[in-house]
Amino acid sequence: MKNLKTALVLVGIFLAGCSIFGTQSISQSNEDWNHLKLWYDEPAQKWTEALPIGNGRLGAMVYGSVQTERLQLNEDTVWAGHLLERDRVGAYKYLPEARRLIFEGKYAEAQEIMQREFMGERLVRSYQTLGDLRLQFGNNGQVTDYRRQLDLDTAVVTVTYRLGEATFTREVFSSPVDQCIIVRLTCDKPAQITFDANLWRPEDYTIETDGSDCIVMKGQATMKGKHKGVNFAARLKIIPEGGKLTATDEGVRLENADAATLYIVAATNYHSNDPQTVCDRQLTAVSRKKYPQLLQAHLTEYRRLFRRVALKLGDDSVTDMPTDERLQAVKDGTDDPALCALYFQFGRYLLISSSRSGCMPANLQGIWNEHIEAPWNCDYHININIQMNYWPAEVCNLAECHEPFFDLTDNLRPRGRKTAKDVYNCRGFVAHHTTDAWFWTSPIGNVGYGMWPSGAAWCCQHLWEHYAFGGDREFLKKRAYPIMKEAAEFFLDFLVEDPKTGKLVSGPSISPENRFRTPDGKVSNLAMGPAMDQQIIYDLFTNCIEAAKILGIDDDFVKQVKSARGNLAGPQIGSDGRLLEWTEEFAEPEPGHRHISHLFALYPGKQISITDTPKLASAARKSLEYRLAHGGGHTGWSRAWIINFWARLQDAEKAHENVLALLRKSTHPNLFDNHPPFQIDGNFGGTAGLAEMLLQSHAGEIHLLPALPKAWPDGSVKGLRARGGFEVDIAWKDGKLAEATIRSLSGNKCRIHSDGPLVVTSAGKQIADGGRNVVDFSTKAGRTYHVSAEN
């Protein structure tokens, strides 16, 4: 049966790819949202087949089994551990000697010093599962018409099936309005809802019932009794319609009800609140409302964000096939443009569901984690992973979802100042390759991954990008610039002159997690002036200079930054034409390394572009080709980064090739990214890459369809954002621009770039001369401008 279904999928996708579209319209109807469903014709057998829901703080993975439903639960502050002192105070005394040794080519000796004197202890203390809600139905008999789906337009997971003459329905969502997971159980026949409910956790918890309708779970997050973290509480309340509700030794039993609504609330003392009091308050509030009211409030708030962007890439009729079978068909060699669009919107869904104002930022798994000890602690890796989580935030019109990352960056400052002073004897603040809910900033573990002082500086790029897209001057003045300035102050003190070149370089530092072979045959990590450090510092200094200009600041700090940037060692090209990752042409023990750090300046930076720096862009391309030829892109997030590189290089076919590779090699049946194991950064990086193929604005212009592949000849996108304060809709046909709409939000001057001549009108009047593929025009805030290809 499965083989027959797969064959039908292949035929359906082939026919979809052969369809001829009519003229694309940017207008949008409810039908644009109907196809945005992940659906399956069987329950999930493992976690990476379950479907995620979340409200930014409270999440669940829904399995959909007929007999035993499992909701694996998460609350975003369930962390083991607490703040510990790990700075190696006074380590800076050893910096001059380590630098001297590196400049003399004695890399191993320098690395030994840095490992011994600088590196703090690595601890295992993880973000953890809250636990499970388990519903035992004990349904027997032949199940037919089974369907399990996640509707991206409603953020509701639905499970339906038939047993005999009865049709059962489950609806599950996590409300951002009522801060509650809601489960609705119904049947089209009376008195058919019977189940046992309980809450469970792998360890460190207690269970009790509160009356016949409520279960209470309490505990503390620890690592086998060590690294004691937050206290947590969760409450389950069942509201039956008919039937009999009783308390049992394991939980609560409901028999012969017509329907039931379940409420799950959870909290911790992370924010110094009593978790049980918070749960009681939330449960009391939600219990006063009827289910239709709860659902409508959830839909209104969720769609406020989600419906800002619509994307159409292919024939949506292929959505009649289960998502896992569509994915398998792509893995087997077919193309499915509509699945690419679904993947894009799934990424936006995940960001909305895991990162909202007032919540923790999305971690390595968003908010979804079934472990007590998660891979890499499910922490905040700030050497690319969390940054990649937020690459789609601005361009995909989810700027509000960016805010938890700004909070993280701000929260790193107090500890980062101490680390800067005590470890480096520098001003400003610094953070290294990773942190967690306790916002520590020390270099920890092994030099090979931990001796990297550019984490905070990279985080600061996101503050600037938020301003660049939205134009919020108050945000720039009161929040972004003070943080950026403090990060830059660290590097003003930390940079030193390279005695061979006289240029300023960072170090000792690494190119994240990569290694090189020294001339004497040894393998080392540490260097002075690795390319990524230099590029991130250039980016930070440039953004500080631009921000100061906008804010009318021209003080000594700005003068120092300008001077330092002017003497900063920049990107270098090797003898084989590749961009250098280090200051010398070292041999690489792992030429297909997953990190492609020396291309930061291409993406997400803007120091390298094919228009302004064509030689560097060519060198970046050669580096990328070399890395891929040696097995690069073998992790999900690395493949996602590669999509963005090719998009910036405006190589549409290479970008599309890597979109397909992301789906074929690094995507689970539920569309979660597969590192392996699951990491959510690949989902977000892939979403950003798809947007980057359709719209770019980093080079001072809005470039329409800069990397449109042949596989997407007809399509449309609505609601993407461009730097300068613009919202953009685009439609194309036969691989060419048909029309675009530019909404000016800030009244800035606009430059548009396309492959062919353009005509721009507003209010029926032509406002820019035709005949050119780059046009400039002034805008007024709130006004709409129509762009069309000149006939």
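The values are calculated or read from the model by the stated rules, or taken from the named source; none is laboratory data. Please read all numbers here as calculations on a predicted model, not as lab measurements. Note that each Cβ is placed from the backbone with ideal geometry, even for glycine, and that neighbours are counted across all protein chains shown. Just the protein is used for accessible areas: all its heavy atoms, side chains included, with ligands, DNA and RNA removed. Shrake-Rupley method; radii C 1.70, N 1.55, O 1.52, S 1.80 Å.
At a glance:
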read-out	value
Pair list, Cβ under 9 Å, 6 or more apart: the range 498-512 residue closer than 14 Å to residue 110 by Cβ and assigned to a loop (DSSP other than H, G, I, E, B), other residue charged (D, E, K, R) and open to solvent by 30 Å² or more (accessible area, probe 1.4 Å)	507/99; 508/99
Residue among 338, 329, 266, 260 that is over 28 Å from the mean Cα position of the chain (by Cα), buried (at least 20 other Cβ atoms within 10 Å of the Cβ) and not polar (S, T, N, Q)	260
Residue match in the range 423-440 (condition: charged (D, E, K, R), farther than 25 Å from residue 349 by Cβ and touching a helix residue (DSSP H, G or I) at 6+ places or on another chain (Cβ under 8 Å))	yes
Cross-chain or 6+ apart pairs with Cβ under 9 Å, the range 606-633 first and aromatic (Phe, Trp, Tyr), then modelled with pLDDT of 95 or more	626/576; 626/578
Members of the range 138-152 that are surrounded by fewer than 21 Cβ atoms within 10 Å (Cβ to Cβ) and in contact with a Leu (Cβ under 9 Å, 6 or more places away or on another chain)	139, 140, 141, 142, 143, 144, 149, 151
Count of the range 196-242 residues which are assigned to a loop (DSSP other than H, G, I, E, B) and surrounded by 17 or more Cβ atoms within 10 Å (Cβ to Cβ)	8
Filtered residues of the range 543-581 (kept if under 20 Å from residue 616 (Cβ atoms) and assigned to a loop (DSSP other than H, G, I, E, B))	567, 569, 570, 571, 572, 574, 575, 576, 577, 578, 580, 581
Output for the range 495-522, where each listed residue is closer than 16 Å to residue 595 by Cβ and either open to solvent by 10 Å² or more (accessible area, probe 1.4 Å) or of a type in the set (D, E, K, R) (or both)	513, 515
Any hit, the range 635-647, residues being in contact (Cβ under 8 Å) with a residue 40 or more places away in the chain and not in a helix (DSSP H, G or I)	yes
Residue match in the range 722-731 (condition: more than 22 Å from the chain's Cα centre (by Cα) and under 20 Å from residue 649 (Cα atoms))	no
Sole exception among (1) at pLDDT 95 or above; (2) farther than 30 Å from residue 227 by Cα; (3) open to solvent by less than 10 Å² (accessible area, probe 1.4 Å); (4) of a type outside the set (Lys, Arg) for residue 430, by number	(2)
Within the range 173-195, considering residues that are more than 23 Å from residue 250 (Cα to Cα) and either assigned to a strand (DSSP E or B) or free of Cβ contacts under 8 Å to residues at least 12 places away in the same chain (or both), the one most open to solvent (accessible area, probe 1.4 Å)	186
Residues being open to solvent by 10 Å² or more (accessible area, probe 1.4 Å) and out of contact with any helix residue (DSSP H, G or I) (no Cβ under 6 Å at 6 or more places or on another chain) - total across the range 284-316	20
Enumerated strands (runs of 3 or more DSSP E) restricted to the range 41-125, each holding at least 1 residues that are open to solvent by 40 Å² or more (accessible area, probe 1.4 Å) and polar (S, T, N, Q)	68-75
Inter-residue pairs, beta-carbon under 7 Å, first open to solvent by 10 Å² or more (accessible area, probe 1.4 Å) and in the range 746-760, second of a type in the set (Val, Ile, Thr) and assigned to a loop (DSSP other than H, G, I, E, B), 6+ apart	747/779; 748/779; 749/779
Contacts under 7 angstrom Cβ, first residue in the range 694-706 being free of Cβ contacts under 8 Å to residues at least 60 places away in the same chain and outside any loop (DSSP other than H, G, I, E, B), partner charged (D, E, K, R) and surrounded by fewer than 23 Cβ atoms within 10 Å (Cβ to Cβ), 6 or more apart	702/751
Selection within the range 518-532 - assigned to a strand (DSSP E or B) and out of contact with any Phe, Trp or Tyr (no Cβ under 6 Å at 6 or more places or on another chain)	523
Residue selected from the range 610-624 under the condition assigned to a loop (DSSP other than H, G, I, E, B) and over 18 Å from residue 653 (Cα atoms), by the criterion least open to solvent (accessible area, probe 1.4 Å)	613
Residue match in the range 730-745 (condition: of a type in the set (Phe, Trp, Tyr) and closer than 19 Å to residue 720 by Cβ)	yes
Tabulated pairs, the range 362-376, first in contact (Cβ under 8 Å) with a residue 40 or more places away in the chain, second surrounded by fewer than 21 Cβ atoms within 10 Å (Cβ to Cβ), C-beta under 6 angstrom, 6+ apart or interchain	364/376; 370/47; 372/202; 375/677
Residue list for the range 707-717, restricted to those being in contact with a Leu (Cβ under 8 Å, 6 or more places away or on another chain) and open to solvent by 10 Å² or more (accessible area, probe 1.4 Å)	708, 716
